[in-house]
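First the structure, in the form of structure tokens, and then the observations on it.
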Amino acid sequence: VLNPSPYMGYFHTPAYQLVSASPELLIKKKGNTVSTRPIAGTRSRGKDHEEDLKLASELIENEKERAEHVMLVDLERNDLGR
């Protein structure tokens, strides 16, 4: 079975193996740069550019989606501040 998750990991010890797969990048450090790319407010793509714009507008205007986005930004800010 092929897993399409872009972020996967495998950790092996004599006692156990750990496998992980995620569609989102929580934290990445490269040199002095730290990046975070949580998934929030995702939707399927529209049939065309016009529908994409409509779906994006619905996400931006949705109070619940905005609250979730702010919560995720706060969580990541807290994680990066540690």
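The values are calculated or read from the model by the stated rules, or taken from the named source; none is laboratory data. Since this is a predicted model, take the numbers as computed values, not measurements. Neighbour counts are summed over all protein chains in view; Cβ atoms, including those assigned to glycine, are modelled from backbone coordinates with ideal geometry.
Filtered by the rule that a residue be over 14 Å from residue 24 (Cβ atoms) and under 14 Å from the mean Cα position of the chain (by Cα), segment 34-64 gives a lone residue, 43.
From the set of residues in segment 30-55 that are in contact with a strand residue (DSSP E or B) (Cβ under 8 Å, 6 or more places away or on another chain) and not small (Gly, Ala, Ser), which is nearest to residue 69 (Cα to Cα)? The extreme case among them is 38.
How about segment 1-20: which of its residues are more than 20 Å from the chain's Cα centre (by Cα) and either at pLDDT below 85 or within 25 Å of residue 37 (Cβ to Cβ) (or both)? Selection gives 1, 2, 11, 18.
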